[in-house]
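Below: the structure, in structure tokens.
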Amino acid sequence: MNPATPPPPPSSDAALRDRAVAAAVAQGLVSAADPVAGLLDVTGIRRSAAELRAAFAEFTAPGTPVLHAFAVKAASLVPVLRLLAREGLGCEVASPGELALARAAGVPPARTVLDSPAKTPAELREALALGIAVNADSFGELDRLDALTASAPTSSPLGLRVNPQLGGGSIDAMSTATDTSKFGVALRDEDARERVVQAFLDRPWLTRLHAHVGSQGMPLELMADGVRVLYELAEEINEKAARAQVGTLDIGGGLPVNFASDAVSPAYRDYTRLLHRTVPGLFDGRYGLVTEFGRSLLAKHGLVLARVEYTKSAGGRRVAVTHAGAQIATRTVFAPEAWPVRVAAYDAQGRPKTGDAVAQDVAGPCCFAGDLVARARPLPPLEPGDHVALLDTGAYYFSTHFAYNSLPRPGVHGYAPGPDGGVRWATVRAAQRVAELVAESGGAYGDALTQL
Ligand SMILES: Cc1ncc(COP(=O)(O)O)c(C=O)c1O
């Protein structure tokens with residue numbers, strides 16, 4: 001086992017968060033003109049990346065190649081990808097857009113992995129030309145790869161995603177190892193396992209296996225079982241091939257995040273310890289490893305900060321109308337049971353609000369009744385000009401924008417502790433301006449329909 005330097009314990013993330021909120025308000029990053037923004041804690045992100053690396057380093061045999069490929073869908077922001085790249089991570093991409101972001105961040109092909117169930121021939125050709133790793137999602141995609149690799153040699157490591165069909169977690173939409181999931185080759189279907197083994201024997205260039213059994217809501221045991229199935233399949237293929245054909249196992253991401261408190265639980269080490277118990281052979285150095293974590297790297301290190309525009313009362317319920325709604329907290333608004341978020345109340349200067357909590361709905365700006373990020377939430381009474389922070393929203397909330405009502409994509413700002421108890425800032429993404437909204441909404445084609 002590698003000696004692992006334990007990462008420093010979480011310092012006072014919550015205290016720094018409060019300082020950042022006050023500074024964001026004082027500096028006008030959130031203001032009457034820009035009433036909502038995302039904030040990212042750079043120190044916390046670095047720490048999570050270090051914890052991920054250390055958790056695997058503790059159990060892997062010396063010299064084992066390990067690539068932690070950040071799932072770009074969790075934060076499709078070039079500065080975030082570059083920050084993580086500096087921390088030794090790569091990128092897992094699932095579309096030409098995500099690949100372009102990874103490249104813009106300077107992530108090298110050798111640290112990039114392409115997954116997606118719907119890769120076009122052009123996307124595959126680009127990936128193979130670049131030499132980035134590709135996980136085929138189906139037998140149909142393997143057929144395409146046959147043709148493409150025959151016509152142009154590639155240095156891309158190529159693999160196949162399988163679905164161990166072990167069942168789902170607590171959120172259906174996040175469960176990718178159900179019997180009928182659209183992802184990967186369904187391994188327990190009739191003849192599927194034999195076909196997978198044969199597909200490898202027929203294709204000497206197929207050297208990886210991939211599984212991602214789900215995201216948020218998956219029990220760790222089920223995730224580890226998925227990896228065990230992947231490992232056993234690799235062992236079977238290698239035995240039948242009489243050589244170590246499968247040399248890398250891509251075990252996906254999916255570590256769930258605690259949205260109920262500041263505690264980081266489970267930790268990466270909880271997972272690697274369980275993996276080590278469940279699949280000891282995974283770590284003995286015969287297999288290179290790829291991981292694809294997204295949410296667990298960023299969620300705890302980001303928040304959405306929004307001004308309270310109005311407050312009112314309806315049917316005896318207090319309602320705070322804010323600027324954080326479905327446009328940024330899309331999943332929370334449309335599936336509130338699956339994606340509850342903590343809401344912190346701050347006053348007009350961005351100081352934590354005190355006062356006896358009363359039940360309040362925290363509403364967004366969208367024009368539909370369900371645009372609520374919290375219902376009957378006990379909070380100190382909010383007033384116009386106050387602020388609310390949606391906590392633990394560093395992952396997916398800045399990459400899942402919903403364009404309803406033509407609300408602009410909010411700006412995102414990174415923060416780190418500064419001198420004298422201050423906060424240093426960097427722009428991660430500027431707020432979208434109305435002119436950009438008009439442009440992306442067909443502004444250049446204003447006469448198009450009237451001329452038909
Ligand atoms: C193939 C794949 N890998 C990795 C991830 C990242 O999952 P998480 O953010 O839960 O770690 C996803 C999420 O959808 C995925 O589909």
Checked A55, A85, A100, A110 against criteria (in a helix (DSSP H, G or I) and without any contact (Cβ under 8 Å) to a residue 12 or more places away in the chain); the one match is A100
Does E309 meet the test of being modelled with pLDDT under 95 and surrounded by fewer than 19 Cβ atoms within 10 Å (Cβ to Cβ)? no
Discussion item. Scan the stretch 39-48 and tell me whether some residue there is away from the ligand (no atom under 14 Å from the Cβ), closer than 22 Å to H210 by Cβ and part of a strand (DSSP E or B).
Written reply: no
With the structure loaded, tell me whether R161 is at pLDDT 95 or above, within 14 Å of the ligand (Cβ to nearest atom), buried (at least 19 other Cβ atoms within 10 Å of the Cβ) and more than 20 Å from the chain's Cα centre (by Cα) or whether it fails that test.
no
When (1) buried (at least 17 other Cβ atoms within 10 Å of the Cβ); (2) in a helix (DSSP H, G or I); (3) within 16 Å of the ligand (Cβ to nearest atom) are applied to D225, the one that fails is (3)
For the stretch 267-286, pairs from a residue that is in a loop (DSSP other than H, G, I, E, B) to a residue that is of a type in the set (K, R), with Cβ under 8 Å and 6 or more apart or across chains, are V279/R228
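Considering only residues that are among the small types (G, A, S) and within 22 Å of T272 (Cβ to Cβ), look in the stretch 52-84 and name the one that is surrounded by the fewest Cβ atoms within 10 Å (Cβ to Cβ). Lay out the reasoning, then the answer.
Narrowing the stretch 52-84 to residues among the small types (G, A, S): 54-55, 57, 61, 63, 69, 71, 74-76.
Still in the running and within 22 Å of T272 (Cβ to Cβ): 54-55, 57, 61, 63, 69, 71, 74.
Details: A54: 17, A55: 23, A57: 17, A61: 12, G63: 7, A69: 27, A71: 30, A74: 26.
Per the criteria, the residue is G63.
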The residue from A338, A395, A376 that alone is over 16 Å from L40 (Cα atoms) and within 16 Å of the ligand (Cβ to nearest atom) is A338
Of the residues in the stretch 146-179, those that are closer than 19 Å to K119 by Cβ and either among the acidic types (D, E) or touching a Ser or Thr at 6+ places or on another chain (Cβ under 9 Å) (or both) number 11
If we keep only residues of the stretch 164-187 that are more than 11 Å from the ligand (Cβ to nearest atom) and in a strand (DSSP E or B), then the residue nearest to P65 (Cα to Cα) is V185
Scanning the stretch 200-216 for residues that are surrounded by fewer than 18 Cβ atoms within 10 Å (Cβ to Cβ) and either in a helix (DSSP H, G or I) or touching a residue at least 60 places away in the same chain (Cβ under 8 Å) (or both), the one nearest to the chain's Cα centre (by Cα) turns out to be R203
Within the stretch 102-135, of all residues that are more than 16 Å from the ligand (Cβ to nearest atom) and among the aliphatic types (A, V, I, L, M), the one nearest to the chain's Cα centre (by Cα) is A105
Selection from the stretch 287-325 of residues assigned to a strand (DSSP E or B), more than 16 Å from the chain's Cα centre (by Cα) and either in the same structural domain as G63 (by TED's automatic domain parsing) or within 16 Å of the ligand (Cβ to nearest atom) (or both) yields G288, L289
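Looking only at the stretch 236-243, decide whether some residue is small (G, A, S) and over 26 Å from R111 (Cβ atoms).
Yes, the stretch 236-243 has at least one match.
The values are calculated or read from the model by the stated rules, or taken from the named source; none is laboratory data. Given the structure is predicted, the values throughout are model-derived calculations rather than measurements. Positions of Cβ are generated from backbone atoms using ideal geometry, with glycine treated the same way; all protein chains shown enter the neighbour counts.
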